[in-house]
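A quick write-up on the structure given underneath.
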């Protein structure tokens, strides 16, 4: 496997829950036309963490682990879609390994069409997660560092949506620490803004959008 990103100190010393962790500060160097979709691409490798392009059998492994941690209705469909989108160059879909085991994932969609920032040429970070048994090891920080670094090669701003129920609590805190700013359009439900007074259900489809200037 060939590493696409230049050698940097990705993998900051704070994990997705705010605890000090192994790794060093995130670097700020920019990339110059990297081949992000190269077969076997590795975007970061340092210490026990490696971040690489998604591949088979990642969907089966991730889905099985998430079911085991209590997400009983999880299916592999969305991870199969990430493989297809990566192959079609619609996304840069990444998987983190910890000591060689699949541990987390994140996806960057260049010129994303969704949400309040769709169509502006900005990247959206979509579907970011770390498997429960690998949390508090700096994996979430390393994934976000990689995603932001890649997004910065396409545009000066990146955005994302975060759920509002307690299951997203650690992600909400992480995005605030990373200086993501709410867009001001209020909550969105099923990819549409919820009107004032509208009744919505607090599930994974109820989101608030945030953006961050990268350069």
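Read-outs throughout are calculated quantities, based only on the coordinates presented, and are distinct from any laboratory measurement. Keep in mind it's a predicted model, so treat the numbers as computed, not measured. Because the Cβ atoms are built from the backbone with ideal geometry, glycine has one as well, and the counts that use them run over all protein chains shown.
Within region 183-215, being in contact with a strand residue (DSSP E or B) (Cβ under 7 Å, 6 or more places away or on another chain), surrounded by 12 or more Cβ atoms within 10 Å (Cβ to Cβ) and in a loop (DSSP other than H, G, I, E, B) holds for 183, 185, 186, 187, 194, 200, 205, 214.
For region 126-145, the candidate set comprises residues that are under 23 Å from residue 207 (Cα atoms) and assigned to a helix (DSSP H, G or I); within that set, the residue that is farthest from the chain's Cα centre (by Cα) is 132.
Condition check ((1) surrounded by 17 or more Cβ atoms within 10 Å (Cβ to Cβ); (2) out of contact with any helix residue (DSSP H, G or I) (no Cβ under 6 Å at 6 or more places or on another chain)) across all residues:
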| site | (1), (2) |
| --- | --- |
| 56 | no, yes |
| 64 | no, yes |
| 67 | no, yes |
| 71 | no, yes |
| 75 | no, yes |
| 78 | no, yes |
| 82 | yes, yes |
| 88 | no, yes |
| 91 | yes, no |
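For region 56-69, the set of residues classified as touching a residue at least 12 places away in the same chain (Cβ under 8 Å) and closer than 26 Å to residue 168 by Cα consists of 58, 59, 60, 61, 62, 63, 65, 66, 69, listed by residue number. Could you go through region 94-108 and let me know if any residue there is crowded, with 21+ Cβ neighbours inside 10 Å, at negative phi and in a loop (DSSP other than H, G, I, E, B). Looking through region 94-108, none of the residues is crowded, with 21+ Cβ neighbours inside 10 Å, at negative phi and in a loop (DSSP other than H, G, I, E, B). Selection within region 160-182: residues that are in contact with a helix residue (DSSP H, G or I) (Cβ under 9 Å, 6 or more places away or on another chain) and in a strand (DSSP E or B). The member of this set that is surrounded by the most Cβ atoms within 10 Å (Cβ to Cβ) is 160.
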